[in-house]
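One structure is given below, encoded as structure tokens.
The values are calculated or read from the model by the stated rules, or taken from the named source; none is laboratory data. If you're wondering where the values come from, they're calculated on a predicted model, not measured in any experiment. Because the Cβ atoms are built from the backbone with ideal geometry, glycine has one as well, and the counts that use them run over all protein chains shown.
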Amino acid sequence: MKRKVRMGMVGGGPAAFIGEVHRKAARLDGKIEILAGAFDIDPAQSRKMGEMLCLDPTRVYDTYQQMIEQELKRPDPVDFITIATPNKWHFPIANDCLKAGFHVMCEKPMTLTLNEAVELKKVVEQTGKVFGLMHNYTAYPMVKLARDMVRQGDIGKVLKIVVQYPQGWLIKPIEREGSPQAAWRTDPKQSGAGGCVGDIGTHAANLAEYVSGLKIQEICAELTTFVAGRQLDDDANALLRFNNGARGLLHASQISVGQENNLAIWVHGDKGSLEWHQEDPNELVVCGMDQPVQVWRRGNDYIGRKSPAAARATRIPFGHPEAFLEAFANNYVNFADTIAARIENRAPTEWELDFPGVEQGVRGMAFIETMVASASSDAKWTCLPDFE
């Protein structure tokens with residue numbers, strides 16, 4: 001394409017963490033330029049962010065509605081809008097942006113409720129716009145390699161999946177001590193029905209489904225709030241049943257002292273197993289029956305021969321670590337290339353389409369609400385609805 005894909009943003013003001021991650025990742029490969037934004041609910045903070053990004057002041061807006069209205073009048077409007085706000089704003093902003101004609105990249109979880117997610121899926125289908133959901137962990141090269149190994153039958157039929165995501169940063173009630181990141185995540189009005197399970201449990205569930213190619217069908221869950229006075233869960237444990245008969249364990253926690261971001265997955269088949277750790281993301285451990293344990297390392301030629309998707313997601317040679325920002329960027333590259341394909345009136349490739357979308361968003365909200373329902377039910381198993 002003869003120009004960069006043009007990006008606007010809602011949220012991600014000066015005090016935000018994830019908004020800056022989105023901006024760094026979007027710009028990493030030189031395919032996207034940030035031109036506009038409504039960065040904060042406080043117009044003064046939005047303007048401050050615009051100044052920090054050296055944006056044209058006329059394209060830094062007080063509200064997202066104003067951005068939509070004004071960008072549509074410009075000869076060079078943004079092509080897509082990234083939503084990096086607390087969860088309660090995801091649906092109304094995405095809904096308005098899509099209906100106005102903009103493509104959308106949205107932070108996870110996709111909406112505040114499952115009903116909103118189902119409605120948003122209808123809007124995406126009706127508008128025909130490109131919708132991306134930032135489940136970044138599935139964009140690591142070695143996760144894509146793991147997925148392709150499962151697809152190619154290297155470990156046989158999947159029998160069991162163990163996935164975890166423990167953190168320890170919410171062991172104290174820092175939401176009542178001035179932490180803005182903790183405040184909205186522990187507020188059901190802004191975060192939704194799930195606390196820990198919505199914030200990081202959804203990543204674990206998404207990773208399990210992406211790598212295995214299976215769907216969670218039933219859940220037996222326990223949600224706990226350990227910090228006194230906290231309104232939402234800060235620890236989640238679940239037994240899982242998958243659609244091929246496989247069984248699973250899912251553990252997510254934000255009160256596990258000493259844990260940072262220890263997302264990890266083990267996939268066990270009847271011929272072998274795979275193991276991946278987010279804190280050591282450039283390696284995939286592969287085990288076969290009566291064989292030595294293998295460690296596959298990102299960036300080597302044998303990775304590309306096994307998984308073109310993993311090779312596409314790799315930027316630098318072996319021995320130079322790639323990680324969190326690059327995974328975000330991988331989703332942005334594929335998302336931008338899919339938009340570019342629309343602009344160029346061509347069909348996007350399989351690799352360009354390899355990013356999470358609205359279907360994963362609906363699955364994520366169904367997972368959250370099923371976890372909550374299961375935890376409050378006397379029934380042993382609760383079915384996860386499937387809207388496809």
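For the range 170-194, enumerate the residues that are out of contact with any helix residue (DSSP H, G or I) (no Cβ under 7 Å at 6 or more places or on another chain) and closer than 20 Å to His135 by Cβ.
Step one: of the range 170-194, the residues out of contact with any helix residue (DSSP H, G or I) (no Cβ under 7 Å at 6 or more places or on another chain) are 171-173, 176-181, 187-188.
Of everything in the range 170-194, just one residue is out of contact with any helix residue (DSSP H, G or I) (no Cβ under 7 Å at 6 or more places or on another chain) and closer than 20 Å to His135 by Cβ, namely Gln181.
Working only within the range 360-388, note down all residues that are surrounded by 15 or more Cβ atoms within 10 Å (Cβ to Cβ) and over 22 Å from Gly245 (Cβ atoms).
Result: Gln360, Gly361, Val362, Gly364, Met365, Ile368, Glu369, Val372, Ala373, Ala375.
When only residues in the range 328-358 that are in contact with a Pro (Cβ under 7 Å, 6 or more places away or on another chain) and among the hydrophobic types (A, V, I, L, M, F, W, C) count, which is farthest from Ile83 (Cα to Cα)?
Here the answer is Trp351.
Look through Ala36, Ala84, Ala94 and report the one residue that is farther than 22 Å from Thr202 by Cβ and either of a type in the set (Gly, Ala, Ser) or surrounded by 15 or more Cβ atoms within 10 Å (Cβ to Cβ) (or both).
Checking each option against the conditions leaves just Ala36.
Outside the structural domain of Asp29 (by TED's automatic domain parsing) and in contact with a Cys (Cβ under 8 Å, 6 or more places away or on another chain): does that describe Glu218?
Details: outside the structural domain of Asp29 (by TED's automatic domain parsing): yes; in contact with a Cys (Cβ under 8 Å, 6 or more places away or on another chain): yes.
When the stated conditions are applied, Glu218 passes them.
Can you run down the residue pairs with Cβ atoms below 7 Å, 6 or more apart or on separate chains, where the first is in the range 164-193 and farther than 13 Å from Asp233 by Cβ and not assigned by TED's automatic domain parsing to the domain that holds Trp276 and the partner is in a loop (DSSP other than H, G, I, E, B) and not small (Gly, Ala, Ser)?
The qualifying pairs do not exist here.
Looking at (1) free of Cβ contacts under 8 Å to residues at least 24 places away in the same chain; (2) of a type in the set (Val, Ile, Thr); (3) under 30 Å from Ile316 (Cβ atoms), find the lone condition where Ile32 falls short.
All conditions pass for Ile32, except number (1).
Residue by residue, here is whether (1) touching a Lys or Arg at 6+ places or on another chain (Cβ under 7 Å); (2) not β-branched (Val, Ile, Thr) holds:
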{"position": "Val211", "(1), (2)": "yes, no"}
{"position": "Ile216", "(1), (2)": "no, no"}
{"position": "Ile219", "(1), (2)": "no, no"}
{"position": "Thr224", "(1), (2)": "no, no"}
{"position": "Leu232", "(1), (2)": "no, yes"}
{"position": "Asn237", "(1), (2)": "no, yes"}
{"position": "Arg241", "(1), (2)": "yes, yes"}
{"position": "Ser253", "(1), (2)": "no, yes"}
{"position": "Gly258", "(1), (2)": "no, yes"}
